[in-house]
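Nothing in this text is a laboratory measurement; each read-out follows from the coordinates by a stated rule. In this text the structure is predicted, and so the values were computed from the model without any measurement. Backbone-built Cβ (ideal geometry, glycine too); neighbour counts: all protein chains shown.
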Amino acid sequence: MVSQLTGEKSIFGQPDKNTLEQFKNVLMRAERGALMADAHVGYVMPIGGVMAYQNKVSPVGVGFDIGCGNMAVKLDKTLSTFDTSAALDIIEEHIQFGLGKQNPDAPVGHSIFDAPEWDAYPNKKITSSLKQTAREQLGTVGSGNHYVDLFHDEDHHIWIGIHFGSRGFGYKTAQGFMNLSQGKSWNANFEQKEVLLDLDTPLGQDYFAAMNLAGRYAYAGREWVCHTLAKAFNATILDKVHNNHNFAWKEEHDGQELVVVRKGATPAFPGQRGFVGGSMGDISVILEGVDSEQSKKALYSTIHGAGRLMSRTQAKGDYRGRNLSKSAIKPDMIYDRLQEKGVELRGGGLDEAPQVYRKLKDVLNYHQDTININHYLNPIGVVMDGPEQFIPNAMM
C-alpha cells in the first residue's frame, strides 16, 4: 500500500470524498499539510489532519479536546499470574468515567495549578472557574472513545493503555478562544470556523500559552491514572510511552520554523515513540518514527488510532431510547467479537464497537515507510464510559 504524495501535501490511505474535501479546504490556508490513513471527517479540520502554518495557530484545528493523547506503561506483571477481572474492578473503583465526572482523589495541589500560563485568560473570574473545573476533573477519563485498556505484549508483559485529554477545562478553553478569535465575548454562542491567530499578537500569544497549559494538564491526568493503577495493582512501571495528538507545536521542517497543528495525529520524528490504540477488539501498538522521504512529507506524523468507518449516530441509532432497529450495530455483535478475542469489557456503547473501526494493521500498512513497530499489544480488558457491560469469559 502506498500514499499519494503531491506537491506540499501528502495523503496516506484512501480517505472518503468528504474527508478529502475538508482536508483540501483547510490546506488552502496553510503552508503544508498531510492526511493520515485513519482520517475521517471532523469539525472544520478532519480528524487525522496535519497542517503547518507560518507563525500562526488554528484553535479550531487543535480542536476542543486540547492535549487529547495516549499513554501506555509496561508493568512488571505477566499474563500467567494476572487476574484481569480483578484488575478491571480496581480500575472501576479508582477511576471516574463519563461526561462531567469529578475525581475525589485528584491531586489538587499539583504544580500545574501554579503555572504562569493561567494569566493567559481574559480575567480572574474566568481563570478561577476554569481552575476549579480543572482541579475537580484531573485524572478523570470522560466519555466517547476515551478508555483505560489492559494489554499483553509478545513477551506476555501487562501494559496499561489510556486515551483522554484535557476534559472540561480544555473544552471551555477552546470554546472561549474560538469566540475571542471571532470578536465575540468569552461565553458567547460559538460558531466553529477557522480563524488563524498570529503568534505575534496578544490573542495569539494568550491562546498558545493556554493551549500549552491544557496540554500539560492532560499529561498530568494521564500520568496520575497510570501511576494510581500501577500502585493499586502492586506493580512497578518498567517502561512508559506518552504523547499528545490534538495539539500545536513549533517545529523546524526543511530549515523553516512552522507551527504544526495535529488533530488526531501522532508526532513521529525519527526515534520518537508513540502509543496508538486500535478498537476494543483489535491490537494496539507501540511505534517509532523513522527518517524517510515519506516521513518528511507526513511532517513527521502518523496515525492516532484505527479510524472510524461509520458515525456514532449510524452505529447506535436511537440506542438510548432502546430502538435498536435503527442501529447498524447490535449488542450481540460486540459480544461475539469480544468473546472470540477473549476481551472483557466494562462499559462501552454501540458507537465504540469493533465493527465501527478499521483494522489497525490495515491502516498501519499505509505508513510502513515512516514508522517501525516496537510492540504489538493484545487487549485483555477495556473500561469505558457507557451503558453496557460485556464479560465474555463469564458468559460462556
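Numerical summary
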item: For region 1-129: rounded, prolate or oblate by the Cα gyration tensor [a/c cutoff 1.5]; result: oblate
item: Spherically averaged projected area in nm², based on the convex hull that wraps the Cα atoms of region 82-135; result: 5.3
item: Distance between region 196-225 and region 84-150 - C-alpha centres, whole angstrom; result: 16
item: Label zone at Asp89 (point 7 Å along Cα-to-Cβ), backbone N below 19 Å, region 216-243; result: 229-235
item: Neighbourhood charge, 15 Å Cβ-Cβ cut-off, centred on Asp291 and excluding it, Lys, Arg +1 and Asp, Glu -1; result: -3
item: Positive dipole terminus of region 132-213, leading residue within Phe190, Ile160, Gly170 (C-beta point charges); result: Phe190
item: Prolate/oblate/rounded label for region 112-169 (Cα gyration tensor, a/c 1.5); result: prolate
item: Computed Kirkwood radius, in angstrom, where 1/r is averaged over Cα pairs of region 4-395; result: 21.3
item: Antiparallel bridges, percent of DSSP beta bridges restricted to the chain (to nearest 5); result: 90
item: Value of [θ]222 nm, deg cm²/dmol, for the chain, DSSP H segments ≥ 4, -39500 (n - 2.57) each, nearest 500; result: -9000 deg cm²/dmol
item: Taking all pairs of distinct alpha-carbon atoms in region 152-306, Kirkwood radius in angstrom; result: 17.8
item: Surrounding net charge for Val108, when Lys and Arg each add one and Asp and Glu each subtract one, Cβ distance under 12 Å; result: -1
item: Net charge dipole size for the chain [Lys, Arg +1 and Asp, Glu -1 on Cβ; Debye, nearest 20]; result: 1040
item: Relative contact order for the chain, counting Cα pairs under 8 Å that sit 6 or more residues apart, in percent; result: 23
